[in-house]
Amino acid sequence: MGIDVRRIDGSFAGEVLGADLEREADFAAVHRAFLDHGVIVARDRPLSPEAQIAFSARFGPLMGRRPSMSDKALMPGHPEITILSNRKRNGEAVGLADAGRYWHSDLCFEENPNLGTILHAVEVPPEGGDTLFADLALAYETLPDDVKRRIEGRRAAHTFAKHYRDVMAQGSKRTPLTPEQVAALKTTWHPIVRTHPETGRKALYVNPGHTTCVEGMNEVESTALLDLLYAHSVRPEHVYRHTWRVGDTVAWDNRRVMHNAQGYDMARYTRHMHRTCVHGDRPF
Ligand SMILES: [Fe+2]
């Protein structure tokens with residue numbers, strides 16, 4: 001059977017049909033779909049941790065522990081996999097229960113942010129827990145020309161510290177970072193418009209979760225510009241909503257999309273996911 005890629009519900013995301021993620025021979029078509037769509041979905045196929053690591057590593061070197069994340073969320077024996085879960089073992093959380101509930105691009109606050117993220121669904125709630133994706137290449141292309149001119153060549157600052165302080169102040173139950181990890185959370189500058197290193201396409205590279213200000217602007221001007229870019233980015237025609245099923249594997253391109261994990265009733269339901277992250281290069 002050949003590999004087929006179909007747009008999901010008229011959105012930018014693509015469902016990859018007929019591909020075996022464990023087969024190296026299928027990867028070229030999967031990678032092409034990843035570059036063409038920015039978000040790809042393969043359904044109905046459980047993936048072992050070893051298979052997920054092998055598949056993810058075909059995109060590039062994998063990222064292990066980061067200063068912005070507690071080591072307790074890493075899978076024992078497989079530190080390439082972060083567990084996103086509200087499951088508990090002996091009263092202790094086995095993973096991050098409240099990760100990513102805001103618009104962000106993974107690890108954009110690092111010098112060399114994450115190229116892509118692969119998330120595999122092991123257990124999902126019957127309602128809630130969707131993930132939203134916004135296509136920031138489409139968002140850039142549909143900006144008015146005067147806004148494009150205003151952001152041309154400008155950089156913005158990114159840090160994890162802002163979000164971390166916010167979630168802890170809101171009473172998050174996540175394992176706190178160590179003082180050394182908090183000290184390692186620095187500010188990084190990236191272009192507001194980045195060029196995709198593989199497709200050459202331009203995309204916005206700012207997000208409400210981690211971007212703090214625009215270089216060379218006062219706070220009022222900077223906030224107004226970022227708010228305008230965010231409102232445009234999350235217009236319904238730029239957004240794909242993924243409703244998870246067990247056995248789903250979703251791979252997204254952090255150089256092109258931002259995402260937002262939706263909440264669910266954590267007292268009633270369990271959601272258990274395996275995440276792998278691929279090292280990227282410096283945005284330009
Ligand atoms: Fe994320």
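Residue ranges 176-183, 269-276 sort as 269-276, 176-183 when ordered by packing (mean number of other C-beta atoms within 10 Å per residue, highest first).
Can you work out the PRE-style zone for residue 102? Point 7 Å along Cα to Cβ, and I want the residues of the range 159-186 with backbone N under 12 Å. Of the residues in the range 159-186, 159-172 have backbone N under 12 Å from the label point off residue 102. Distance between the modelled labels on residue 9 and residue 241, one decimal in nanometres: 0.6 nm (7 Å Cα→Cβ projection).
Couplings for the range 24-40, taken from phi via the Karplus curve 6.51 cos²θ - 1.76 cosθ + 1.60 with θ = phi - 60°, read 4, 5, 8, 5, 4, 5, 5, 5, 4, 5, 4, 6, 6, 10, x, 9, 10 Hz in order; Gly and Pro are left as x. The radius of gyration of the Cα set in the range 4-279, together with its Dmax, comes out at 18.2, 57 angstrom. The phi-based Karplus calculation (6.51 cos²θ - 1.76 cosθ + 1.60; θ = phi - 60°) puts the 3J(HN,Hα) values of the range 221-236 at 5, 5, 5, 4, 5, 5, 4, 5, 5, 5, 4, 5, 4, 9, 4, x Hz, whole numbers, x for Gly and Pro. Under 5 Å between amide hydrogens, built in the peptide plane, is the criterion, and for residue 62 it picks out 279 among residues at least 5 positions away or on other chains.
Any aspartates and glutamates with Cα under 15 Å of the residue 162 Cα? List them, leaving off those in the same chain fewer than 8 positions away. Result set, ordered by chain and number: 106, 110. Stretching the chain fully between residue 132 and residue 65 yields a gain of 21.6 nm (0.36 nm per residue, less the alpha carbon separation).
Basic side chains Lys and Arg get +1 at the Cβ, acidic Asp and Glu get -1 at the Cβ, and with that the dipole of the range 22-98 about its Cα centre reaches some 200 debye. Cross-link partners of residue 148 among lysines, defined as those whose alpha carbon lies under 19 angstrom from its own and excluding same-chain residues fewer than eight positions apart: 202. Sequence-distant contacts, meaning Cα pairs under 8 Å at least 6 residues apart, place the relative contact order of the range 4-279 at 35 percent.
When only alpha carbons are used to place a centre, the range 207-284 and the range 1-76 end up 18 Å from one another.
Here's the list of aspartates and glutamates a cross-link from residue 72 could span, going by alpha-carbon distance under 15 Å and ignoring same-chain residues fewer than 8 apart: 80, 92, 98. DSSP bridge analysis restricted to the range 4-279 gives an antiparallel fraction near 95%, rounded to the nearest 5. The 3J(HN,Hα) values that the Karplus relation (6.51, -1.76, 1.60; θ = phi - 60°) gives for the range 91-98 are, in residue order, x, 10, 4, 8, x, 7, 8, 10 Hz. Gly and Pro appear as x.
No value in this document is a laboratory result; all are computed from the given coordinates. On a predicted model such as this, the values are computed, not experimentally measured, just so you know. Methodologically, a virtual Cβ is constructed for each residue, glycine included, from the backbone with ideal geometry; neighbour enumeration extends over all protein chains shown.
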